[in-house]
Amino acid sequence: MLRGWRALVATLVALLTLSPATARAEEPIRLWHAYRGAERSVLETLVASFDGAPVEPLALPYDAFAAKLQAAVPLGDGPDLFIDAHERLADYLGRGIVAPAGDALEPGARFSAPALAAVTLGGTVYGVPLSQKCLALYYRTDLVAREPTSFEDFDAALRAPLPPGSYLFAYESRSAYAHAAILGAFGAALLGEGDEFGMVGPKAEASIDFVLALIAAGKVPESADGALVTALFKSGKAAFAMSGPWLASDLGESNVPYRVMVLPPIVAAGDRPRPLLTVETLSLTPRGAARAVVRKLARHLGSRTAAEERMRIARTVSARSDVELPPDDPLLGAFHEQARFAVPMPTSPAMRATWEPAEKALRKALAGGATPGAALSEAKRRFDDVRRPPPPPASPTPLVVVTALLCLAGAFQLLRKSRAADFRARLRASLNPYAYVALATIAVTLVVFLPLIAGAGVSLFAGQPGSLSYVGLANFVDILSARGGPLFDTGSFYLVLLVTLAWTVLNIFFHLAIGMFLGSLLARPSMRLRGFYRVALIVPWAVPNYVTALAWKGMFHRQFGAMTALTNALGDLFGVTIEPIAWFAHFSTAFGANVATNVWLGFPFMMVVTVAALTSVPREVLEAAEVDGATRWQRFFRVTLPMIRPSLLPATLLGAIWTFNMFNVVFLVSGGDPDGKTDILVSEAYRWAFTRQAQYGYAAAYAVLIFLLLSGLTRLPSLIARRRSRDRGAGGAPIAFEAAEGGAA
Amino acid sequence: MNHEGKERVSWLEAALTNLVMVVAVALTLYPVLWVIALALSKSQSPEPRLFPVIVDRTTLHFEEVIGSHDASGAWLFARWVLNSLAVAAATAVVGIVLAVPAGYALARFDFVGKAAGVRALLASQMFPTVASLIPLFFLLHALGLLNTRSGLVLCYAATAIPFAIFQLRAAFEAIPPDLEEAAMVDGATRFQAFLRVVLPAARPAIAVTGLFAFMSAYNEFILAATLLGREDMFTLPVALQRYVGEHDQNWPAFAAGAILVSAPVMALFYLVQRHLVAGLTAGAVKG
């Protein structure tokens, strides 16, 4: 046994210290990107053919890309150059992450006008435009006879009327990115000229009415995500699709007969759709820009041969205008042509604040939750709210005074305690226990508490990273006064708090009920297939929850989900027609979907804790109870439950805290739908940090409020218990874990 | 296992219990079957279906994930599996080694600052990680542990300690103190008694606590993605997350990866649950 452990520890130490990088004479160039598939392999081939210096390309997950770049580059730990969409350039420039491209841009190279404009900020070029992406129109040649001349011409261009269950035109109707194209046809844009919210007014309303009519006529699926658009188009259940080059790579080897063309005009709007153009840009960090060899690599990756390679293998449209299109690739030709009618995504930081309000309004209006006019003016209000200037800087004097006073009070308290007669004796007696807890204390203090305190400190600041200013308690005042709006309006702190509380209570109840029920069944010695059941029942816990949460979201899809299949089957059984439920259009059903997902994810944990706790209940006790004639319920509630309670309490209390802060499920399943009503406090905090212009101060203030609330809530029951015990005259309640015991009671 | 004969259970009751279990297992596995169907299908069915079906069965997605190589041709998938297992196992070991004595001290001793410490441990769980992520990044940079698996283990172990301490403390409290006292009467020191008598008795609880630490480290994504900057250092969740881009999402490969990720955890759980049963029948807890 001991030898086995030693071997295990030795292997672990070896694995952890094992470092594959050996010292090289020349410092390698570090290149970060988020490419995968063909684009990635082209990049790696190009990098391998560079002879200036060794290059280390690193493909990062898209989700973590920006955050990582922002954290690593200022510490000198980041890459020398990186590839990202151009729209973050202004943000990166504000943080000092990018440097002017200088001679990294090949002299004499010509780029398409929108691409070059996209990487130019204040007259300086900040990167090498590599490729450009936008939406275009796909059509299936087996269903469509000719290129339609307008959106209204789609029907007439079909070879034959589509069978029922098929759609004329599939696209991500609820995505603001896709809707921006249609909005463009109606003469509006997500972001106005002066950085104001542009998706408002009669033009924007007309664009939504246009989509609503298409959905009502059954021509467009009402809530399709990218995967569904692909599936519909691939299976011939959609004749037309609006999508980007990624659809072509998904169709890849399948033999779907399709072509791509420029999005034709919308007659009702009087113009062509104007999709947003994203320019993949190779940017240099200040450190990289200082090295001649890095600039040489940038020229190499932006060269004409590289562009041709990229077009040939990855089929991406080059941002260079002096590269000839392969004549035999109609796809590239169409995308190249479409780029001429596209609008470069604005680089202004205000652009990032448009997505969330625009998307919420779009979903609400398309689900029939509000008229387009009402939804859009609400979106504008939200945008303005996020964009409003940070509170004025405050004087740090009160903070210093309060901190000093608190320190003094703490010191005084300590001093008074240490004067107590038995303190020295107690301290001496504590030395031995201290040895037991020392290592854990050091680790937790360093890695948990230090970052926590630093993170909490950010809540006293406001503004964008790089230009933070101390504002005192202004963030808290803002949140607690619901930013000047009605106290129980959607998205206000108090309403979100109520939702969070309901969420936590319901989840914990079901986790405990189901977990304990199944756990106690599993612990019965009569179970034959116990091993199988146990392993099968912990599957939800073993599979990473970001995957299963998405599977649940898919099951609740109104048109294609398994729940709809279930209601259909039930309807057939009883001979009635049940309308498919739009799960995420109503608070109750969306909230129910979230709770169902999280209960499913969380009960195995409680089940395992119950099983583990039951192993410590001596069987004799249970048998004795049975002999005494106790019924099964009595045995459980009078004998078993009291005995496993000590083990279940910490798990329950911590489970409640974790559920309170359970971000993944809410974010992935309902995404806050409808209209942010199912968001909980922690997902609000997340939105402030990542989608609402990186207002970290605000997010940190939410985090501190969550912390204060949880400490209050978990202590409340113990205070009541203490008072009750005092009333009963029982003194000397154990102080150590009362918070835990009370919290779970 | 000789207990089983003693307890008389009517066949009706056994059938009912098994029925309940089968229903529970079916409901539990249902969403997972969707994930499996997605991973094994070449294309997705755009029909609402009650039961997951595999359309054009293919192992392509599994091959894609398993066959991940880097530019120089090194087999990355194997590295990711090793990294994940090593990091998670090291987290469990380090977390347990640090938490066991602390949990024991909280269960058996009284000392100055105990109540405050317990409260602080509980409080540490209440602060959302979203706000302490960036400071943690700076801290690891200062310690020179950025981009290392050891740094990741340190973070995971420290965050797993509070729960582990609570869990172990409850387990130690359930063990009668007479056990150590008897050993100490026989001449053992307190620490020896702890090592030789208490630890073996708490084995099931330690195993489960270790499993919890292992699982949380094994499935974690955000910290790992933020703290690791080299492809050969990645853990499986970070590597998997790359199949989900901004526009371009490869859900089938993602699902295939998720299944591959969960397999070792299932195997581990199977081992640990036998350990639990062994702990029960050996009667170690009863003393």
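The values are calculated or read from the model by the stated rules, or taken from the named source; none is laboratory data. All of these numbers come straight from a predicted model, not from anything done at the bench. Methodologically, a virtual Cβ is constructed for each residue, glycine included, from the backbone with ideal geometry; neighbour enumeration extends over all protein chains shown.
Side notes on the structure shown:
- Selection status of residue A:459, within 24 Å of residue A:349 (Cβ to Cβ) and outside any helix (DSSP H, G or I): no
- Listed here are the strands (runs of 3 or more DSSP E) enclosed by the range A:199-286 that have at least 2 residues being under 16 Å from residue A:139 (Cβ atoms): A:238-243, A:258-261.
- Taking the range B:162-240 as the region of interest, the helices (runs of 4 or more DSSP H) fully inside it that hold 1 or more residues being more than 8 Å from chain A (Cβ to nearest Cβ) and free of Cβ contacts under 8 Å to residues at least 40 places away in the same chain are B:178-185, B:190-193.
- Criterion (under 30 Å from residue A:225 (Cα atoms), at the interface with another protein chain (Cβ under 7 Å from one of its Cβ atoms) and of a type in the set (Lys, Arg)) met by exactly one of B:49, B:57: B:49
- The criterion of being modelled with pLDDT of 80 or more, more than 27 Å from residue A:680 (Cβ to Cβ) and of a type outside the set (S, T, N, Q) does not hold for residue A:529.
- Of everything listed in (1) within 30 Å of residue A:283 (Cα to Cα); (2) surrounded by 14 or more Cβ atoms within 10 Å (Cβ to Cβ), the single unmet condition for residue A:124 is (2).
- If only residues of the range B:204-235 that are among the charged types (D, E, K, R) and either closer than 17 Å to residue B:165 by Cβ or out of contact with any helix residue (DSSP H, G or I) (no Cβ under 6 Å at 6 or more places or on another chain) (or both) are counted, the one that is surrounded by the fewest Cβ atoms within 10 Å (Cβ to Cβ) is B:230.
Residue by residue, here is whether (1) in contact with a His (Cβ under 6 Å, 6 or more places away or on another chain); (2) buried (at least 19 other Cβ atoms within 10 Å of the Cβ) holds:
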position	(1), (2)
A:33	no, yes
A:40	no, no
A:45	no, no
A:48	no, no
A:79	no, yes
A:83	yes, yes
A:119	yes, yes
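- Of the strands (runs of 3 or more DSSP E) lying entirely inside the range A:60-144, those carrying at least 3 residues that are modelled with pLDDT of 85 or more, over 27 Å from the mean Cα position of the chain (by Cα) and over 19 Å from residue A:343 (Cα atoms) are A:136-140.
- Only residues that are β-branched (Val, Ile, Thr), closer than 26 Å to residue A:552 by Cβ and not in a loop (DSSP other than H, G, I, E, B) were counted across the range A:647-705, and they come to 7.
- Residue in the range B:212-220 that is within 24 Å of residue A:617 (Cβ to Cβ) and not charged (D, E, K, R) present: yes
- Count - residues of the range A:319-352 that are under 15 Å from residue A:193 (Cα atoms) and either β-branched (Val, Ile, Thr) or touching a Leu at 6+ places or on another chain (Cβ under 9 Å) (or both): 8
- Yes/no for residue A:428 being farther than 30 Å from residue A:558 by Cβ, at pLDDT below 90 and surrounded by fewer than 14 Cβ atoms within 10 Å (Cβ to Cβ): yes
- Only residues that are more than 15 Å from residue A:273 (Cα to Cα) and aliphatic (A, V, I, L, M) were counted across the range A:124-138, and they come to 3.
- If the condition is being facing chain A (nearest Cβ under 7 Å) and over 19 Å from residue A:664 (Cβ atoms), then the range B:247-266 contributes B:247, B:248, B:266.
- Selection count, the range B:95-118, where residues are crowded, with 24+ Cβ neighbours inside 10 Å and either under 16 Å from the mean Cα position of the chain (by Cα) or not in a helix (DSSP H, G or I) (or both): 2
- Single match in A:414, A:376 (criterion: of a type in the set (A, V, I, L, M, F, W, C) and farther than 25 Å from residue A:207 by Cα): A:414
- All positions within the range A:202-240 that are within 12 Å of chain B (Cβ to nearest Cβ) and touching a residue at least 40 places away in the same chain (Cβ under 8 Å): A:221, A:224, A:225, A:226, A:228, A:229, A:232, A:233, A:236, A:237, A:238
- Enumeration of residues in the range A:477-520 that are farther than 24 Å from residue A:656 by Cβ and in a helix (DSSP H, G or I): A:477, A:478, A:482, A:483, A:484
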